[in-house]
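The next block holds one structure in the form of structure tokens; read it before the comments.
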Amino acid sequence: MSKRKWNHPEASKEELGTKVWRSAGDLEDTRQLREWVDREFPRASETMREDERENTRRDFLKLMGASTALAGFGLASCRRPEALIVPFTDSVEWTIPGKPTYYATSMPSANGAVSIVATNYEGRPTKLEPNKNFPNGKGGGADAMVQASILGLYDPARSRNYLSEGKVIKKTDAEKALTDYVKSGNVGFVFGEDDSLTRSAMIEKLRAKYAGSKFYAYEALAGAGKKASAAGIFGKHVQVKADFAKAKKILAVDCDFLELDKQGDTKAFYDRRRPEGPNYDADPLAYQAELNRLYAVEPTFTVTGGMADHRAPLAPSQMAAFIDDIATVINGGSPKNFTGDKAFWVQECAKDLASGDGVVLLGSRYDKELHDAVFAINSKIGAYDNGLLVARTQKKHAELGSLEDLAKDVASLDTVVLMTPANPVYENPVIGDKKFNDLVTDKNLVHLGCEVNASANAANLHIPAAHYLESWSDGFSGDEGIYTVVQPMILPLYGGIQALELLDALSQDKIVLHDSLSDDTAVSPAYNAVKGTFEQYVKSSSDGFAKKTNWMELLRTGFSADLKYSVAGKGNAPAAALKVLPEPTSAKNADLVFSADYSVLDGRYVNNAWLQEAPDPISKLTWDNAIYMSPQTAKDLELYDEIVELEKEEAAWWAALGIDTDSTYKKTSVSEDGEGPSLFGPMVKVTVGGTSVEAVVIVAFGMADNVISFPLGYGQGYDEFWKGDFNGEAIDYKESPQNVSSVGVNRGFNSYPLKGSSDYFAEGKNVSIEKVEGKRYKLARTQEHHAMYGRSLAREISTLEVTKDGGFTQDYDAQLKNVSKQGMDSHMPQNISLYKFQGKSVAMPGKREDEEQLWDKSHQWAMSIDLSTCTGCSACLVACQAENNIPVVGKTQVAMGREMHWIRMDRYFAEPGSANVGDLDSENAKENESDEEKKKRKAEAAEVINPSKDWNTPLEMIPNPVACVQCESAPCETVCPVNATVHTEDGLNSMAYNRCIGTRYCANNCPYKARRFNFFDYNKRNPLLEKNLYKGPLGEKQEGDSKHLQRNPNVSVRMRGVMEKCTYCVQRLQAAKIDAKQNVKKAVQKTGRPSIEFTATNELLMAPANSVSVACEDACSAGSILFGNLMNLDDKIQKTKAIREEDKDLEKNIQGAYANPRTYDLLNYIGTRPRTSYMARVKNPNPDMGIVAKKVGRATIHMH
Amino acid sequence: MANYFPRYTNILPLKIAVCLGTLALGVVVAFTYYGSPKAQVVGYMPDQPIPYDHELHVTQLGLDCRHCHSFVEKSGHANVPTANTCANCHHETKGGIKSDSPRLAPLMEAIDSGKPIQWVRVHKSPDYVYFNHSAHLNRGISCVECHGQVDEMRVVFHAEPLSMGQCLDCHRAPEDALRPLEEVFNLKYNARDYISKNETAKNILEDYVAEKSLDVDLDDEHGAQLAMGTMLKDRWNVRPKESCFTCHR
């Protein structure tokens, strides 16, 4: 660590008050972690497993021999390969070869359709962006799952055959079987929870045709409780959505409304979270009154909890007690279920909510009774009257029953048709006292789906479905229920059947499934159906021309605001006393939360490699799930010491003998469970109602004690290689690789069997947890990969006045002004860089000695990242992967720190210590007190301030996305021996892959750890097969022939041995600059004069203000990332930038017109002059919260 | 002890070293030349499915480049025409020109069957090079600079090396190639003839030369181009970039 101490001097006493860590190892400062961190990069040979190391040298020689031989053959055919140009026969409308075409469509989901725009290159969709033209700019965002859905389209393992109990059958046989199955008319249909108008219309047709037909909706995480409550209060088909434009105080009771449990569009929420207002143009002090305040009470960290101003960990069984107390306080009483600091918290929270503009949101999967109680609270505080919550009726929504209804009707049904995106056979939900699979065991099961999963294999007839990007359909958006259209981007790649096509076929006399493979000109019946619905229900017109233009308009915009959900009338709920459950008291009988997963949701994305490799926003776990528990719970289960080797006692013992263990420490003394490739986690056995599951444990922070959280959706199929992921004995498992693709195989543990009939959690008294000895499971976590060190990496301030250690106070204004002076910047002049960017050109010696390096007067690109609104959801990371052809590397490689993501989402935990609360005890200060007296006084004060580690010491989670920050004085450029990375005129740090020879010096010299090295041919070889990458050219190639179709044609696909990194989406910047060049010709033509008379200014060659966006910026639904051109004074980026101190008196290219006080540069003091700047997070705590409020907004991150 | 090796063998190692050195040098020199695009690709003239004659269509009939390569000013790619572009003139049912010629049989077949014609690619930059046609054409760089006198080619061939050196030469000295936007698609353009026919242009250029006191001879073909290029570079704010991201990304 000596090296790092030298670079980044110790933090001041004041800053040390906040304890900051990334992982348990970091928190406890373990040897394993120190060893890993000291090494900085995994040592290549050491990170290989024993068996690989043995083989390497021999393999190398063998390969050398083989390639020499091949080179001989190669020379014989050293001829120019003939390439072909194949133009269309008939010119295609809108298509310009080489230019993308954009089409609006939408992605159906249970939370409402997401309106998106798909980028198409020559007919291939390659990228999805949110639809910015959607009303009020609420495209609904395009979160990680939307971004990754494009990969699902090209999944080579997608279903392409008709199956009967897992065996391939012919299409004609499938049609015959289908005819047979529906003959009796007693057919049950199970749809997803999304709402489609055309489907509703078709359901009516089917109802008429099949007398005994029944219709249901099912998705595992749809939230039956919320739905039932709304149905009881408002009537059927009513959705309650929050209007975050109006809500100012929000209490999220275990409700991840920003990500996995959407309660309405969140754009307005983020707008009110930004201290300068939606467009960065308000004065932060004036806008302070408009800022919203978020309270979160939850058992385990969610991204919503990370955003909260006040967050309290609470067991799920205690939510009833919590809501009960909130209701009591709002009705004028005082808390009765909680005592002490918790009661205080509840009381002040409830008072704040009741004081106006407050709203309570409860997790959708809690019971109806709880939702009814929350409805009563919201009615009482006026959330409905003031429009903070709006109940909307789904117009013309077909009557769809629940699985309970299916259980009642099942005796009368002969056939069940599963059309839901969920996987009911795998999930096997418990309905009443029966399991789904037992219910349908003697029924004819028909399944329509994109994936060959458990349901597909179990079905009597599986029909391959078309992806939503290959389908016609419609839906309603998640906020106001605006009508959106789903239109296909491409003909079904594998001849899949669209949902509406199947329904249409079933409604015909003779069942014939549409065949898009053999006749690609045939019009899909789904097209006619959607068009028919639109003309009938949405925008009808008798005028033929108007009819046509209306339809074209819908296809162009992707939505029609002519049809929306209507606002429902006032609701009424019977007042009922809440049943308060006992608190879980022992770790062995902890409450068990069945959480939704940020990667696979309910399990449907298990075959999506991008999502699997995107680290979980909270735990930074990739490729698996795990049981999460708090450090205390882990200690109680005797697991914590296994995860974190507590060596302090041992060290003290050695120190007493005069031996410094740090210096005598040897590699052999490191236990097997370390960081990186040797990270194995201990296992526990969880039993609920007689069913046991063994799974790996991860210590998570910010969780309530005696609660464990077990994400759903994993463990869908294993093969014989799963054993290899265990250290010691493997758990018992059944091999069922047929249910997953090579991506989804051997992924984590299945928690569905434990779920029983409880929708969200199992009460502690029904759960028993015991430690499993002798089994450990390999984990790939990225939290300590590419770890950055330095002071004030992420900065946070509070709107409240804070007392600093030393007795002085700072109000909001002063804190704002102080942002750029936090950490090292407070007392250290910026390092003077040896490598000045101004003056002589470093990049291009010879030619332009007289010119500045950053000479482009039209474009100087820059980015800003606003931590106030960044939740750490990682949508940007997946969007970047889609845009920039970033390969997936697989679990083994991730464990070695070789993930290729260009954006790294750092996530820090921070716990304010008592020192940070300042001199609250200063009134007790005596004059001339000695240091010891002072220390004692402070300790006493801390004791008073911090009686328990419960709700008084809020744990904060702060994400910090880091990609290449495009330093103007880039340390990487000076060390490249071949000039493969040099600076461009417009301020980018360019990376020429074809020039790179892979020395990796640049990565070693990057203080931001933003560079990624291609250790293997990840793009060519399949990294998911065991040891495949080590076989080099002899390894198996990527499976399938479709993945490359997703690739962005404007970005090089990188090969083995080159360095890569964020380029600010240079392909988009070049396109914008080239488009601007076309302005010249247009301008000349406008003058009507010869072109030689024309003078082109810098402004003419400039891309229009705010016209250029990068992939991460587009994907960010919070608008945390802003990209722009510093040379354009109208660009929004100006408002997020500060003028650098040293630039003030220098005449520079860069014309910063605004000075945003929240802006700071990462590691500013090392003098790299990064182009990406960050904006400090502002927390808006409740001033009445007393000591708790004083501890909020202190999570400035220092890593040493 | 007898001398096993005669005296002359003393310089044998030197001789061998010199020979090997010369050989190695020869190989290097040969490879630098014969491995370069100049030797490898210049003159590449593949057979096309239809022996399309640029000389006939452009020089004799006067078609503009953009008649067929229609999006070349808008897109990075210079598109090859679709079959129905050819059919505008050659369609058999509409009494098209030479529609019964056996040479046009592949075109007729494409139109009938919908299966596209497979042209053989002549100019191809490597995968990691992102050349953009529109960026050059809209800034006064003509087709001829990279593709040669296509208007005189009966069969299209690779006329220029299109090596990175060629790109950089032009990016470093664009004045050698810049021409008025109106003349970009005129493959017969040269600056001296242009100003000799165009009085206004001549005056403008002479004024500029006088103003900047350039030492050029406007009556010389190269001098006229240099003057014209320098003026246009100056007026149009042309500053070609040389950093890697310009072409590689």
**Report entry** Global size of the stretch A:365-467 as Cα Rg and Dmax, reported in angstrom
**Finding:** 18.5, 53
Query raised in the report: Using the Cα atoms of the stretch A:309-348 to build a convex hull, what is its mean projected area in square nanometres?
Result: 2.8 nm²
Report summary line: Between A:Y718 and residues 5 or more places away or on another chain, the pairs with built amide H atoms under 5 Å apart involve A:S736, A:N746
Requested in this report: For chain B, with a Gaussian network of springs between Cα atoms less than 10 Å apart, report the residue from B:G43, B:G26, B:G35 with the top mean-square fluctuation.
Outcome: B:G26
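Which length gain, in nm to one decimal place, applies between A:K570 and A:Q508 when the Cα-Cα distance is subtracted from 0.36 nm times their residue separation?
Values: separation 62, 0.36 × 62 = 22.32 nm, distance 4.18 nm.
The span from A:K570 to A:Q508 would gain 18.1 nm if fully extended.
For chain B, what does the alpha-carbon gyration tensor say about shape, rounded, prolate or oblate, given a ≥ b ≥ c as the root eigenvalues, a/c under 1.5 as rounded, and a/b over b/c as prolate? Write out the running numbers ahead of the final one.
Working: a/c = 2.72, a/b = 1.36, b/c = 2.00.
It is oblate, given that a/c is not under 1.5 and a/b is not larger than b/c.
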Query - Averaged over B:126-135, number of beta-carbon atoms from partner chains that fall within 10 Å - result: 5
Report task. Considering Cα pairs under 8 angstrom that are at least six residues apart, work out the relative contact order of chain B and quote it in whole percent. Result -> 21 percent
Report summary line: Too long for a 28 Å Cα-Cα cut-off, among A:K1031/A:K1061; A:K262/A:K564; A:K236/A:K336; A:K248/A:K620; A:K183/A:K548; A:K1020/A:K1073, are A:K236/A:K336; A:K248/A:K620; A:K183/A:K548; A:K1020/A:K1073
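First measure r as the distance between the Cβ atoms of B:S196 and B:D47, then evaluate 1/(1 + (r/R0)^6) with R0 = 41 Å and state the FRET efficiency to the nearest 0.05.
On the way: r = 41 Å, r/R0 = 1.00.
With R0 = 41 Å, the Cβ-Cβ based efficiency is 0.50.
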Query - Student exercise, the stretch A:238-392 dipole from Lys, Arg, Asp, Glu Cβ charges, in Debye to nearest 20 - result: 160 debye
Requested in this report: Return an integer: the convex hull volume of the alpha-carbon atoms of the stretch A:238-392, in Å³ per residue.
Outcome: 109 Å³
Query raised in the report: Which far-off residues, 5 or more places away or on another chain, put their amide H under 5 Å from the one on A:Y777, with H placed in the peptide plane?
Result: A:G681, A:N727
Query - About the Cα centre, charge dipole magnitude for the protein assembly as shown (Lys/Arg +1, Asp/Glu -1 at Cβ), debye - result: 1820 debye
Query raised in the report: How large is the charge dipole for the stretch A:457-605, taken about the Cα centre, if only the Cβ atoms of Lys, Arg (+1) and Asp, Glu (-1) carry charge, to the nearest 20 debye?
Result: 400 debye
Query raised in the report: Farthest toward the dipole's positive end in the protein assembly as shown, which of B:C244, A:G748, A:G141, given Cβ charges of +1 (Lys, Arg) and -1 (Asp, Glu) about the Cα centre?
Result: B:C244
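How much length, in nm to one decimal, is gained on full extension between A:E720 and A:A282, taken as 0.36 nm per residue of separation minus their Cα-Cα distance? Show your work: numbers first, answer last.
Values: separation 438, 0.36 × 438 = 157.68 nm, distance 6.01 nm.
Working it through step by step, the gained length comes to 151.7 nm.
Within 9 Å, Cβ to Cβ, of B:I111, how many net charges do the neighbouring residues add up to if Lys/Arg are +1 and Asp/Glu are -1? Don't jump to the answer; show the numbers that get you there.
Values: positive: none; negative: A:D90, B:E92, B:E109, B:D112.
Value of the local net charge: -4.
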**Report entry** Residue-averaged beta-carbon neighbours from other chains (10 angstrom radius) around B:75-84
**Finding:** 6
Query raised in the report: So what is the relative contact order of the stretch A:215-331, in percent, for Cα pairs below 8 Å that sit 6 or more residues apart?
Result: 21 percent
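Over all pairs of distinct alpha carbons, what does the Kirkwood formula give as the hydrodynamic radius of the protein assembly as shown, in Å? Mind dumping the intermediate values first?
Details: mean 1/r = 0.0285 Å⁻¹.
That comes to 35.1 Å for the protein assembly as shown.
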Query raised in the report: Is the stretch A:1007-1055 best put as rounded, prolate or oblate by its Cα gyration tensor, with a ≥ b ≥ c the root eigenvalues, rounded for a/c under 1.5, and otherwise prolate when a/b is larger than b/c, oblate when not?
Result: oblate
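Pull out a ≥ b ≥ c, the square roots of the eigenvalues of the alpha-carbon gyration tensor of the stretch A:130-231, then state rounded if a/c is under 1.5, prolate if not and a/b is larger than b/c, and oblate in the remaining case. Walk me through the numbers before you get to the answer.
Numbers: a/c = 2.22, a/b = 1.32, b/c = 1.68.
Oblate, because a/c is 1.5 or more while a/b does not exceed b/c.
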Query raised in the report: Of B:L205, B:I50, B:Q60, which is farthest on the positive side of the dipole of chain B, counting Cα position, with +1 on Lys and Arg Cβ, -1 on Asp and Glu Cβ, and the Cα centre as origin?
Result: B:I50
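Every read-out reported here was derived from the displayed coordinates using simple, explicitly stated rules and does not represent laboratory data. This is a predicted model, so every value here is computed, not measured. As a convention, Cβ positions derive from the backbone with ideal geometry for all residues, glycine included, and neighbour counts pool all protein chains shown.
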